[in-house]
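Computed from the coordinates by the stated procedures, all read-outs in this text should not be read as laboratory data. Computed from a predicted structure; not experimentally measured. Cβ placement follows ideal geometry from the backbone for every residue including glycine, while neighbour counts extend to all protein chains displayed.
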Amino acid sequence: RQSWRLSGHVFLAGLVSALIVTVTHQSEDLFDGLQHDWVDAQLRSTRNAVTSNAFSEWLWGGMQYQLEHHLFPTMPRYKYRALAPIVRRWAAEVGAEYREDGEWQILCRNFATLRCVAHLPAALRAPSSRADSVFSQRAAAAWVGGTRASP
């Protein structure tokens with residue numbers, strides 16, 4: 001009984017973490033090459049979630065401020081709320097897009113992106129995203145160097 005309770009807590013914590021992290025990144029711009037404007041790349045590759053109540057604010061744990069987190073990654077999370085209006089104002093002054101959606105809109109945007117990707121045809125010659133990882137270099141790895149290993 002105790003192991004089921006622990007498993008449930010681990011599953012729920014993982015689900016909440018995954019929902020919070022992926023929705024603020026996956027539906028944003030992806031880059032094929034080096035981005036020479038680091039600030040612009042940060043603004044285009046993430047999005048803030050506007051929380052609707054105190055519980056949601058607590059649940060997101062500061063990660064609803066992804067733009068601020070990406071621009072100032074070493075800043076403590078509790079300072080992001082005060083920083084957000086400053087970054088928003090700066091973005092407006094320089095003509096940069098400050099991306100944010102309500103918490104439900106950002107979830108819907110992410111699910112729509114996942115649905116779209118799931119229906120795309122497979123890119124057979126696409127390089128493996130794990131070709132140079134420690135795990136892909138093992139002899140028993142299913143994918144080695146971006147190609148399917150022989151059975």
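Would you mind computing, in nm to one decimal, how far apart the modelled labels at Ser52 and His36 are, each placed 7 Å from Cα along Cα→Cβ?
About 4.4 nm separates the two model spin labels.
Could you work out how much longer the chain between Cys108 and Val21 gets when fully extended? Use 0.36 nm per residue separation minus the Cα distance between them, nm to one decimal.
29.9 nm
Please work out the FRET efficiency for the pair Arg5 and Ala118, using the Cβ-Cβ distance as r and a Förster radius of 22 Å; give the result to the nearest 0.05.
Between Arg5 and Ala118 the formula returns 0.10.
When each pair of different Cα atoms in the range 1-132 is counted once in the 1/r mean, what is the Kirkwood radius in angstroms, to one decimal?
About 16.8 Å for the range 1-132.
Each residue of the range 25-37 in turn: what ³J(HN,Hα) in whole Hz from Karplus with 6.51, -1.76, 1.60 and θ = phi - 60°, glycine and Pro shown as x?
For the range 25-37, the Karplus curve yields 10, 5, 9, 9, 4, 10, 10, 7, x, 4, 9, 7, 9 Hz.
Ranked from highest to lowest mean number of other Cβ atoms within 10 Å per residue, what is the order of the peptides 105-118, 57-70, 6-19?
So the peptides 105-118, 57-70, 6-19, ranked by packing, come out 57-70, 105-118, 6-19.
Which whole-number percent is the relative contact order of the range 1-118 (Cα, under 8 Å, 6+ apart)?
Reported relative contact order: 30 percent.
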